[in-house]
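Visitor: Take a look at the following structure, please.
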């Protein structure tokens with residue numbers, strides 16, 4: 001697959017709000033009346049824009065709706081459903097807890113009895129499936145509208161026959177796919193149910209272009225609406241490959257950078273392995289008397305999350321607050337994850353079904369894939385990542401879990417990233433060696449399906465590019481980090497020349513520290529070059545540094561006058577290991593060091609047996625004066641990759 005930002009796009013200018021003059025004014029009026037009846041308030045201009053477009057269209061097309069988290073995307077689906085009696089809308093979400101949460105909120109917020117929601121995942125027995133199927137197929141066109149919430153898993157198994165009948169009999173009025181960024185990310189991680197939706201759902205909805213319509217556009221029986229808070233041009237290209245649709249520029253409802261501005265959360269980064277020292281004071285206010293604050297802790301690996309949770313629980317035990325934090329990881333069953341998510345987001349619902357009313361979950365520890373979207377709880381104030389986010393989209397989604405109150409402000413809602421050189425090395429190792437199909441959970445057919453739209457080599461390259469953007473945003477920002485984030489999430493196909501993004505002043509680390517992070521000392525590049533060349537080639541050359549943990553770090557610390565040479569600091573004391581790690585992380589982020597992850601057979605010191613270990617081989621790139629370029633593999637530095 002070629003990652004081209006404009007590979008299949010028409011030059012048509014995408015919509016930018018309410019400038020679609022061709023839309024009938026009656027469609028706008030219908031949008032306004034429908035939302036007033038459903039939710040009791042008028043739509044925002046962008047909501048009226050897309051609703052009017054959906055109402056007016058006589059044929060179906062695929063649409064992409066990008067809007068900041070918590071901005072009212074789901075109201076488009078719900079308002080469309082309630083506009084006409086008897087409408088049936090199918091809404092897919094990758095996470096079971098997300099669909100359940102949306103059903104609950106819809107029952108509370110909807111002001112009209114003419115809208116009924118059914119969560120198909122709740123009815124799994126053959127008897128229940130048969131009853132629900134009969135109810136839906138016999139649904140009268142003159143009664144209340146139905147929204148069918150489902151996961152791709154249940155749709156492709158128990159309700160496969162129902163879906164086929166709904167399509168054949170033209171009973172659906174719209175298909176909505178929520179949190180579509182997860183569909184793309186999980187699809188690239190070999191979640192076969194998403195890849196199979198192409199044959200099961202998307203292609204059966206295709207129709208020939210209507211008369212007098214551009215033949216290069218994709219047309220469907222009904223509108224197909226994809227919604228997400230985070231997207232980029234590469235994600236859109238991957239979505240086209242997974243679905244078989246081509247998204248016309250005029251069907252992108254994608255805001256500019258200025259419209260993506262939503263600075264309700266402070267953004268902070270701390271380069272350290274001392275997670276507890278950051279996490280405890282950050283979340284302590286959640287356990288105060290009468291506090292309604294909650295927090296989420298994210299990590300890239302199950303082991304890292306479990307270890308952090310265990311350490312935190314020990315601290316809570318000392319405070320007699322046992323069981324006030326929840327762990328959600330991949331080893332748990334589907335039912336366990338769903339129950340624990342509900343316990344965290346909606347404990348009242350669990351209390352109604354249990355005699356234990358004392359449990360009040362304040363914190364949740366989870367891996368990124370489990371809770372990176374759909375958790376809509378205004379009580380969540382703090383987000384802490386104990387690893388680097390894997391990409392800008394994940395960072396934005398996690399950041400958006402906090403600050404979901406109308407009165408939220410950055411001083412009360414914080415996204416905190418606590419990550420170090422070890423976190424970076426772990427991600428590099430995982431990108432290089434982690435094969436989702438290696439554990440036997442993916443069959444060869446699904447793997448071939450994956451390879452149809454992107455090779456593993458291209459996917460790894462894409463992962464490295466995404467990680468590099470995150471590092472530059474967090475570790476070496478060149479401007480207000482909030483501005484960078486908003487620009488990354490803005491419409492890449494129609495950038496607005498009128499966007500003037502002002503610095504956040506106090507809601508990001510760059511603005512607070514005036515561009516110089518106190519944990520990252522200024523580097524004397526010439527002095528560092530001298531030391532590295534010496535360690536490569538000179539009298540102080542490293543002896544198999546990769547075979548001993550900390551070989552390079554210890555050698556740099558012990559280099560003669562290291563503090564003066566590296567940081568121009570008049571000190572004879574050795575720089576701390578953390579400072580050296582920060583130094584190396586900065587070099588990788590600034591592309592002064594490149595990397596290559598390899599596996600080597602390393603002899604055991606005790607019995608001489610060989611074991612496979614992973615190393616990060618790094619070499620110094622050509623520096624600013626162009627005098628140093630080491631290409632010989634024997635001249636590469638060898639740093640142990642620290643597994644988590």
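No lab work stands behind these numbers, since they all come straight from the coordinates. If you're wondering where the values come from, they're calculated on a predicted model, not measured in any experiment. Because the Cβ atoms are built from the backbone with ideal geometry, glycine has one as well, and the counts that use them run over all protein chains shown.
Visitor: Could you give the length gained on full extension between residue 331 and residue 458, defined as 0.36 nm per residue of separation minus the Cα-Cα distance, in nm?
Guide: Working: separation 127, 0.36 × 127 = 45.72 nm, distance 2.91 nm.
Length gained, residue 331 through residue 458: 42.8 nm.
Visitor: Now for a different question. With a 10 Å radius around each residue's Cβ, average the other Cβ atoms per peptide and rank 132-143, 287-298, 397-408, highest first.
Guide: Packing order, densest peptide first, comes out as 397-408, 287-298, 132-143.
Visitor: Scattering from the C-alpha atoms of region 266-512 alone, worked out with Debye: what is log10 I(q)/I(0) at q = 0.11 1/Å?
Guide: Rounded to two decimals, the profile gives -0.66.
Visitor: Follow-up. Wrap a convex hull around the Cα atoms of region 224-273, take a quarter of its surface area, and give that in square nanometres. Provide the component values of the computation, followed by the final result.
Guide: Working: hull surface 23.8 nm².
Here the figure is 6.0 nm², rounded to one decimal.
Visitor: Please report the spacing between the Cα centers of region 174-236 and region 243-279 in Å, no decimals.
Guide: Rounded to whole Å, the Cα centres lie 22 Å apart.
Visitor: On to the next question. At q = 0.12, 0.14, 0.17 Å⁻¹, work out log10 I(q)/I(0) for region 213-327 with the Debye formula, treating every Cα as an identical point scatterer and leaving solvent out; two decimals please.
Guide: Computed log10 I(q)/I(0) values: -0.72, -0.82, -0.95.
Visitor: Right, next: On a C-alpha basis, how far is the centre of region 445-488 from the centre of region 363-432 in Å? Whole number, if you could?
Guide: 16
Visitor: With every atom except the alpha carbons ignored, what do you get for Rg and Dmax of region 25-254, in angstroms?
Guide: In Å, with Rg to one decimal and Dmax whole: 16.6, 48.
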